[in-house]
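Below is one structure, written out as structure tokens; comments come after it.
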Amino acid sequence: MKTLIVYCSKTGNTRKVIESFAKGLGGEIDILNLDLTPEGWLKNYTSTFTLDVSDYNLVCFGGWVMGMRVHPFLIAYIKSCYGLEEKKVVVLLTGGTTFSKNHAYEDIIGVLNERKVNLVGFFYTPTLLGLTLNKKKLRLVEEFGRSLMKNLEKDDEV
């Protein structure tokens, strides 16, 4: 299964979560880290930007939650993807508190529904500014990746 992971990470917490998820998922994975610095934004993003995900079986999006909303640059990426319709999609989010989980889910599910994707997984990791991102939480997200891949392989056999 050819997989693409697109994520943004400001402090490195989301990057750690994505790395753990990818380790659990295994297989052929391309990873695109969005450069959210002002220089990266000016260099990489234009009003005509599109990301073609047609060649991927599974597309994963990762980002952080700020003010109970998914980072707007990640939302912009999802909206600009070419070939996303009917794709299997996974979302991995990090945020300060568990309280933000449902708000973030509602925020991103609207965009995913507009894109008519097949959401096959959602995982939220509370980090409290990185203070509570521990080995146990990283193992949980790795296990989520492993379990998800087993389920997807089972579905492909049917």
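The values are calculated or read from the model by the stated rules, or taken from the named source; none is laboratory data. On a predicted model such as this, the values are computed, not experimentally measured, just so you know. Every residue, glycine among them, receives a Cβ derived from its backbone with ideal geometry; neighbour counts consider all protein chains shown.
Miscellaneous remarks
- Residue in segment 4-14 that is farther than 16 Å from residue 78 by Cβ, at pLDDT below 95 and in contact with a Ser or Thr (Cβ under 7 Å, 6 or more places away or on another chain) present: yes
- Among (1) within 15 Å of the chain's Cα centre (by Cα); (2) assigned to a loop (DSSP other than H, G, I, E, B); (3) at pLDDT below 90 - the single one residue 77 does not satisfy: (2)
- One residue alone among 85, 106 is among the charged types (D, E, K, R) and either touching a Lys or Arg at 6+ places or on another chain (Cβ under 9 Å) or under 20 Å from residue 2 (Cα atoms) (or both), and that residue is 85.
- Among the residues here, residue 111 qualifies as in a helix (DSSP H, G or I), under 14 Å from the mean Cα position of the chain (by Cα) and buried (at least 16 other Cβ atoms within 10 Å of the Cβ).
- In segment 1-16, residue surrounded by the fewest Cβ atoms within 10 Å (Cβ to Cβ) [restricted to those that are out of contact with any helix residue (DSSP H, G or I) (no Cβ under 7 Å at 6 or more places or on another chain) and among the β-branched types (Val, Ile, Thr)]: 11
- Looking only at segment 83-111, and only at residues there that are touching a Leu at 6+ places or on another chain (Cβ under 7 Å), over 23 Å from residue 150 (Cβ atoms) and of a type outside the set (Val, Ile, Thr), the one that is modelled with the highest pLDDT: 104
- Scanning segment 115-129 for residues that are within 18 Å of the chain's Cα centre (by Cα), surrounded by 11 or more Cβ atoms within 10 Å (Cβ to Cβ) and outside any strand (DSSP E or B) returns 115, 117, 127.
- Selection from segment 80-108 of residues that are farther than 19 Å from residue 65 by Cβ, assigned to a loop (DSSP other than H, G, I, E, B) and of a type outside the set (A, V, I, L, M): 83, 85, 86, 87
- Some residue of segment 135-146 being outside any helix (DSSP H, G or I), surrounded by 11 or more Cβ atoms within 10 Å (Cβ to Cβ) and not β-branched (Val, Ile, Thr): no
- Looking only at segment 17-74, and only at residues there that are assigned to a loop (DSSP other than H, G, I, E, B), at pLDDT 85 or above and small (Gly, Ala, Ser), the one that is surrounded by the fewest Cβ atoms within 10 Å (Cβ to Cβ): 54
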